[in-house]
Amino acid sequence: MEIKMHIPQTEIFEFLQKKGYEIKGFAIINPAVEEFLLSEPAFIWHTFTATKESEVQSRDNQYLKVFESEIKALLKDF
């Protein structure tokens with residue numbers, strides 16, 4: 001089953017904060033790639049993370065990934 005939702009970012013932040021997460025800005029730095037047929041410059045991608053008190057910010061806790069896992073856990077209860 002596939003569920004599609006259109007939720008404003010502020011409401012996602014509010015939901016995660018109610019679940020005990022702290023929302024913080026985070027920069028993901030992707031280094032330059034120089035390969036045989038591929039050449040891409042380095043770039044920085046700014047996003048947000050949702051972390052619990054003892055967690056460290058990383059790519060794995062980007063707010064949309066955390067939101068998705070929280071929604072899946074919530075839907076399992078139904």
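We did not get these values from a lab; they are worked out from the coordinates using the rules stated. Small disclaimer: the values here were computed from a predicted structure and weren't measured. Positions of Cβ are generated from backbone atoms using ideal geometry, with glycine treated the same way; all protein chains shown enter the neighbour counts.
Around Gln17, what is the net charge, scoring Lys/Arg as +1 and Asp/Glu as -1 over all other residues with Cβ under 15 Å from its Cβ?
Details: positive: Lys18, Lys19, Lys24, Lys52; negative: Glu11, Glu14, Glu22, Glu53, Glu55, Glu70.
Summing Lys and Arg as +1 and Asp and Glu as -1 gives -2.
How far, in degrees from 0 to 90, does helix 9-18 lean away from the longest principal axis of the Cα atoms of the chain, to the nearest 10? With both axes taken from Cα atoms, the answer is about 60 degrees. Evaluating kT/(6 pi eta Rh) at 25 °C and 0.890 mPa s, with the Kirkwood radius of the chain over Cα pairs in the Stokes-Einstein relation, gives 169 µm² s⁻¹. Nearest 10 degrees is fine. How inclined is helix 63-76 to the longest principal axis of the chain, computing both from alpha carbons? Orientation of helix 63-76: about 30 degrees from the principal axis.
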